[in-house]
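Presented below is the structure to which this report refers.
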Amino acid sequence: MNGVWLMIEFHLDGRSGVSPYQQIVQQVRNALRLGLLRKGDQLPTVKDVVAALAINPNTVLKAYRELEHEGLVQARPGRGTFVTRTLTDNTLAAHGPLRQDLRRWLAKARKAGLDDESIEALFLTTFRSAALEDLA
Amino acid sequence: MTPVLQARGLGKKYGRRWALTDCDLEVPAGHVVGLVGPNGAGKSTLLNLSVGMLTPSAGSVEVLGGPPGAQQAKVGYVAQDAPTYARLSVADHLKLGAKLNPGWDHAVARRIQRLGLDPKQKAGKLSGGQRAQLALTLGLAKRPDLLILDEPVAALDPLARREFLQDLMEAVAEQELSVVLSSHLVSDVERSCDFVIVLVDSRVQVSGEIDTLLATHFRLTGPRRAAKDLPGDQHVVTESHTDVQSTFLIRTEKPILDPAWTVTQLTLEDLVLAYMASSVPAQPERPVLEVQR
């Protein structure tokens, strides 16, 4: 395949409790945020997605409709679904240094004896309480 | 739009035993329908009535807006265990299909090569997965509006099962056909279907679009309480109690306002199992499970 093979692939997590259509929406948003998908890129066709994941075509259509409703993609009849907007804006440049900081913090947490689960719990509770304070 | 399948008070009796009772159903077009229930629940009976292989003992059934027998060109049916002619080759099956079906689609039939099946191979020598794929190909090449599959993946190993469902979903996306498939496993229908019919003990317990069903069923856990004290819009599917705690599985269209409840969402499997349990009379050895009928 030539340059067209810049497409993303979807994966479903059967245990996440998140419905398959929401998982597809999230994966597209994530790809947009991380710069894996850019304006003009094509999403996999409905046929390709259902053939890969053995899921119902309506599930994929529903996900694509929601993305279209959010103004992130546009369906062009007979051609496919294309990205119309990215979510990266100017924050992508900051990802590298932030990841560095996070790595250092993780190393520190491990050194202090926290296991994976405690690290995740600490991150999530801090994240939530910070979000609440921001709201207040 | 005409429903693909409509049943009114449909029933079938074998001797004295009702294999299907009081079946009311309406399945709109454009869905992949999962018909789930334990073995012997009446799934095959319902499917056989739908394709006109059986005649009803009570009520009526319509397929694509007409009586089952009149729609044969528009309905594809693959019976249980993917029946094929053991002594005919794969190519013979396709030739036969083309002769017998006016709307035969040779392009679809060519998927046999894509699947890597040898046209000269006798059907009796194919693996279970290959035979299922051959039967599916015959069903699809007929270009039906409705494809009915009875336990299509039950006899397949996990890989063949996955491949079969992938191919079926691809065909649904391409041909815009409606599908009804039966299975005794919820996991088979969870991803591939968007409409479910739960059949237990010869009765339809619940049917509807999966998204809608999941959005209207909840598990409530909280301090002990009787079912009659719940608000009128909350229909109890199952309930269980301990000395201090009650757990209800309810169906409601309205928001749950009582703060005493911990409300959890259900998976399709939870939902199907709850409806299966609700059709069984309470077992004496399981006194904690009180069942609403």
Of all helices (runs of 4 or more DSSP H) fully inside region B:145-257, the set with 2 or more residues that are within 14 Å of another protein chain (Cβ to nearest Cβ), farther than 22 Å from A:Pro20 by Cβ and in contact with a Gly (Cβ under 8 Å, 6 or more places away or on another chain) is none
In the set A:Thr91, A:Thr45, A:Thr84, the lone residue that is in contact with a strand residue (DSSP E or B) (Cβ under 7 Å, 6 or more places away or on another chain), farther than 30 Å from B:Phe195 by Cα, of a type outside the set (Phe, Trp, Tyr) and at pLDDT below 95 is A:Thr84
Qualifying residue in region B:28-41 (condition: in a loop (DSSP other than H, G, I, E, B), over 24 Å from B:Leu185 (Cα atoms) and among the aliphatic types (A, V, I, L, M)):
no
Picked from region B:174-189 (must be surrounded by fewer than 20 Cβ atoms within 10 Å (Cβ to Cβ) and touching a residue at least 12 places away in the same chain (Cβ under 8 Å)), the residue farthest from the chain's Cα centre (by Cα) is B:Gln175
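One line per residue, one yes/no per condition, for (1) more than 29 Å from B:Leu136 (Cα to Cα); (2) crowded, with 19+ Cβ neighbours inside 10 Å; (3) out of contact with any helix residue (DSSP H, G or I) (no Cβ under 8 Å at 6 or more places or on another chain):
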site: B:Met169; (1), (2), (3): no, yes, no
site: B:Thr212; (1), (2), (3): yes, no, yes
site: B:His217; (1), (2), (3): yes, yes, no
site: B:Gly222; (1), (2), (3): yes, no, yes
site: B:Thr242; (1), (2), (3): yes, no, yes
site: B:Gln245; (1), (2), (3): yes, no, yes
site: B:Pro255; (1), (2), (3): yes, no, yes
site: B:Leu271; (1), (2), (3): yes, yes, no
Reported set for region A:110-130 where residues are surrounded by fewer than 10 Cβ atoms within 10 Å (Cβ to Cβ) and among the basic types (Lys, Arg) is A:Lys111
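Test B:Ala91 against the criterion of being out of contact with any helix residue (DSSP H, G or I) (no Cβ under 6 Å at 6 or more places or on another chain), outside any strand (DSSP E or B), at pLDDT 90 or above and over 21 Å from B:Leu165 (Cβ atoms), and give yes or no.
When the stated conditions are applied, B:Ala91 passes them.
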Just to be sure, is B:Tyr77 within 30 Å of B:Lys13 (Cβ to Cβ) and touching a residue at least 24 places away in the same chain (Cβ under 8 Å)?
yes
In region B:48-66, anything surrounded by 15 or more Cβ atoms within 10 Å (Cβ to Cβ) and either in contact with a Cys (Cβ under 7 Å, 6 or more places away or on another chain) or of a type outside the set (A, V, I, L, M, F, W, C) (or both) is listed as B:Asn48, B:Ser50, B:Gly52, B:Pro56, B:Ser57, B:Gly59, B:Glu62
message = Condition (residue is in contact (Cβ under 8 Å) with a residue 24 or more places away in the chain, outside any helix (DSSP H, G or I), within 14 Å of another protein chain (Cβ to nearest Cβ) and touching a strand residue (DSSP E or B) at 6+ places or on another chain (Cβ under 9 Å)) applied to region B:121-142: is it met by at least one residue?
response = no
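This table checks each residue for (1) away from every other protein chain (no Cβ under 12 Å); (2) surrounded by 11 or more Cβ atoms within 10 Å (Cβ to Cβ); (3) under 29 Å from B:Pro28 (Cα atoms).
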site	(1), (2), (3)
A:Val18	no, yes, yes
A:Val28	yes, yes, no
A:Pro44	no, yes, yes
A:Arg65	yes, yes, yes
A:Glu68	yes, yes, yes
A:Gln74	yes, yes, yes
A:Val83	yes, yes, no
A:Lys108	yes, no, no
Quick count over region A:80-130, residues being touching a residue at least 12 places away in the same chain (Cβ under 8 Å) and not in a helix (DSSP H, G or I), is 9
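Results for (1) basic (Lys, Arg); (2) closer than 25 Å to B:Asn39 by Cα; (3) surrounded by 22 or more Cβ atoms within 10 Å (Cβ to Cβ), shown as yes or no for each residue.
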position	(1), (2), (3)
B:Lys125	yes, no, no
B:Leu138	no, no, yes
B:Arg143	yes, no, no
B:Pro152	no, yes, yes
B:Phe164	no, yes, yes
B:Val172	no, no, yes
From the option list A:Asp48, A:Asp13, single residue qualifying as surrounded by fewer than 16 Cβ atoms within 10 Å (Cβ to Cβ), of a type in the set (Asp, Glu) and either within 13 Å of chain B (Cβ to nearest Cβ) or free of Cβ contacts under 8 Å to residues at least 24 places away in the same chain (or both) is A:Asp13
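The values are calculated or read from the model by the stated rules, or taken from the named source; none is laboratory data. This is a predicted model, so every value here is computed, not measured. Here the Cβ is made from the backbone with ideal geometry for all residues, glycine too, and neighbour counts use every protein chain on show.
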